[in-house]
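Chemist: Structure below; questions to follow.
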Amino acid sequence: MLTLPAVLTHAVAPGFVRSLTPGLFADPGEVVADAAALQQFDSSALAVLLECRRRALAAGKRFSVHGAPARLRELAELYGVAELIPSAATA
């Protein structure tokens, strides 16, 4: 499981993406991003999730998000990417 930090804004998103190792996407099956800790975020959190999705799909894995705050889901709807970051329960 990939755990997102409590703060995921434009200022910290590039560093978080750089910290993603290929090993995170090597486990069999599905890559699940745990967003339950997110407290302060902006649209950069969506960009991070989409990058994680891209890497998971490139590795032949499914991708989903667990514990996404309602505001993050609202942003995903607003930007038209909600179906690209499905909830783990519905993936």
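Chemist: Of the conditions (1) in contact (Cβ under 8 Å) with a residue 12 or more places away in the chain; (2) surrounded by fewer than 18 Cβ atoms within 10 Å (Cβ to Cβ); (3) of a type in the set (A, V, I, L, M, F, W, C), Leu57 fails just one. Which one is it?
Modeler: The failed condition is (1).
Chemist: Say whether the condition of being in contact with a strand residue (DSSP E or B) (Cβ under 9 Å, 6 or more places away or on another chain), at pLDDT 95 or above and of a type in the set (Ser, Thr, Tyr) is met by at least one residue in segment 79-88.
Modeler: no
The values are calculated or read from the model by the stated rules, or taken from the named source; none is laboratory data. These numbers were taken from a predicted model, which means no experiment stands behind them. All Cβ positions, glycine included, derive from the backbone under ideal geometry; neighbour counts span all protein chains shown.
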